[in-house]
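Here the structure is laid out as structure tokens; the discussion comes afterwards.
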Amino acid sequence: MTSLPMQHLGRLLALAMFLAALVGGGRDARADTAAAQALFDAARQLMAQGKYADACPKLEESQRLDPGIGTQFNLAACYEQLGRTASAWSTFLEVAGAAKAAGQLEREKVARQRATALEPKLIRLTVTAPADAPADLQVKRDGALVGRAQWGTPVPVDPGKHTIEASAAGRAPFARTVDLARAGATETVAIPPLPAGAPARAAAPPATGAAQPTSGAAAQPTSGAAAARPATGGAALAPVAGRAPAPPDRPLTRRRSKGMMVTGIVLTSIGAVALLGGGLALASTCSGSGCDSDSLDDESLGYLDEEEDSGAEAGYALIIGGLVFAGVGIPLAIIGGRRVPVQPEKKAASAPARSPELVLGPRYAGLRWSM
């Protein structure tokens, strides 16, 4: 009775771990959706109590975990209540664009109306730079890079303090902080020409062990035997570096199994194509019946009818098949393509056998050969 080789056990274990990771990924997605819903409900309660400063971070995290038009609309409303006019205005416009793409015309209309109402209250900040600004001039607003296309353009910002910084190689940096509070105001921060002000390079420290002169006289070179031995009380001469040893020969390697690697690549490719086809099939099904379940508020929540048509069934079948093919193909490609050293006994076995030799002695004669 023979036991299963350890390498096969390792392959089976790797395949099991990969499939477990796929299942765990689905569980993580469901956990994110549940957490997003809990955060959304908590934020709605805080908004009802007027605690918008606590509600906005929860809505931001809910939107990050499970993006939705309804969550984004409530986030824009929360920004508006906090007085973050620019953030609310831009978020309402994002909601309008997403609602238009989803065919939710009423929600698009409401979002655009809210954004239009905020426009007169927007505070705009303009950053200008000199015409002869260096090519490597970098401008930042509150730590975020401001591209050259934004220079000279009024950009809506939230009320409060904003810091403008400018820097370039070999020049002194520039920084200015402005406090914007008046609704509808426009502020301009002009970056002046940056004067040359590169920090001086520090002098290189003397080499460790070098003899330092004890007087102002320059050290005189020596020759002959005097140069071979150190002076009394001075530093010892550094030994001459020898030639670096030659690197050891790299061991011969080969792929563990080229056939297994090619099989894994083929299975992985089939799985990727199946996943793509399943996703397209589900997307076409959703575009036909409508898959958006987000709502504008609590009173307008709706439910989608669950329908099992041939397109959805084919999409799910392709996705499941793609996961199976990829789950089998990826470990096979990794394990088969791994390079392993060639064993010495295998190299010796591949050497040609020696031919027999005729041996003659004073009292005997015979043939000798090596195995």
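The values are calculated or read from the model by the stated rules, or taken from the named source; none is laboratory data. Please read these numbers as outputs of a predicted model, since none were measured by experiment. Counting neighbours? That spans all protein chains shown, and the Cβs are built from the backbone with ideal geometry, glycine included. To get the accessible areas, we keep the full protein, side chains included, count just its heavy atoms, and leave off ligands, DNA and RNA. Shrake-Rupley method; radii C 1.70, N 1.55, O 1.52, S 1.80 Å.
With farther than 30 Å from Ala172 by Cβ and open to solvent by less than 40 Å² (accessible area, probe 1.4 Å) as the only criterion, which of Ala133, Ala102, Ala86 stands out?
After ruling out the rest, the residue left standing is Ala86.
Any idea which of (1) in contact (Cβ under 8 Å) with a residue 40 or more places away in the chain; (2) under 23 Å from Ala88 (Cβ atoms) is the one Val189 doesn't satisfy?
Exception for Val189: condition (2).
Yes or no, residue by residue, for (1) modelled with pLDDT of 60 or more; (2) of a type in the set (Phe, Trp, Tyr); (3) exposed (fewer than 15 other Cβ atoms within 10 Å of the Cβ); (4) touching a Cys at 6+ places or on another chain (Cβ under 8 Å):
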residue	(1), (2), (3), (4)
Leu280	yes, no, yes, no
Ser289	no, no, yes, no
Ser293	no, no, yes, no
Asp297	no, no, yes, no
Ser300	no, no, yes, no
Leu304	no, no, yes, yes
Leu323	yes, no, no, no
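Considering (1) in a helix (DSSP H, G or I); (2) in contact with a helix residue (DSSP H, G or I) (Cβ under 6 Å, 6 or more places away or on another chain), say which one Ala183 fails and leave the rest.
All conditions are met except number (1).
Can you pull out the residues in region 144-160 that are more than 19 Å from Leu93 (Cβ to Cβ) and charged (D, E, K, R)?
Once the filter is applied, which keeps residues that are more than 19 Å from Leu93 (Cβ to Cβ) and charged (D, E, K, R), region 144-160 yields only Arg148.
Within region 53-83, which residues are open to solvent by 50 Å² or more (accessible area, probe 1.4 Å), free of Cβ contacts under 8 Å to residues at least 24 places away in the same chain and either hydroxyl-bearing (Ser, Thr, Tyr) or not in a helix (DSSP H, G or I) (or both)?
Passing the criteria: only Pro67.
Could you grab me the full set of residues in region 89-99 that are over 16 Å from Ala117 (Cα atoms) and open to solvent by 10 Å² or more (accessible area, probe 1.4 Å)?
Answer for region 89-99, where residues must be over 16 Å from Ala117 (Cα atoms) and open to solvent by 10 Å² or more (accessible area, probe 1.4 Å): Gly97, Ala98.
In region 147-163, which residues are open to solvent by less than 50 Å² (accessible area, probe 1.4 Å) and more than 22 Å from Glu119 (Cα to Cα)?
If the condition is that a residue be open to solvent by less than 50 Å² (accessible area, probe 1.4 Å) and more than 22 Å from Glu119 (Cα to Cα), then Gly147, Thr163 are the ones that fit.
Over 21 Å from Ala185 (Cβ atoms), assigned to a helix (DSSP H, G or I) and modelled with pLDDT under 95, is that true of Arg114?
Judged against the criteria, Arg114 is not a match.
Yes/no matrix, rows are residues, columns are (1) within 31 Å of the chain's Cα centre (by Cα); (2) farther than 27 Å from Asp179 by Cα:
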site	(1), (2)
Lys51	no, no
Gln72	yes, yes
Leu105	no, yes
Val157	yes, no
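Rundown of residues vs (1) within 30 Å of Ser90 (Cβ to Cβ); (2) at pLDDT 50 or above, yes/no style:
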{"position": "His162", "(1), (2)": "yes, yes"}
{"position": "Ser167", "(1), (2)": "yes, yes"}
{"position": "Pro173", "(1), (2)": "yes, yes"}
{"position": "Val178", "(1), (2)": "yes, yes"}
{"position": "Pro193", "(1), (2)": "no, yes"}
{"position": "Arg201", "(1), (2)": "no, no"}
{"position": "Thr208", "(1), (2)": "no, no"}
{"position": "Ala227", "(1), (2)": "no, no"}
{"position": "Ala235", "(1), (2)": "no, no"}
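List the number of the failed condition for Glu108; all other conditions in (1) surrounded by fewer than 17 Cβ atoms within 10 Å (Cβ to Cβ); (2) farther than 22 Å from Gln37 by Cα hold.
If we test Glu108 against (1) surrounded by fewer than 17 Cβ atoms within 10 Å (Cβ to Cβ); (2) farther than 22 Å from Gln37 by Cα, just (1) comes out false.
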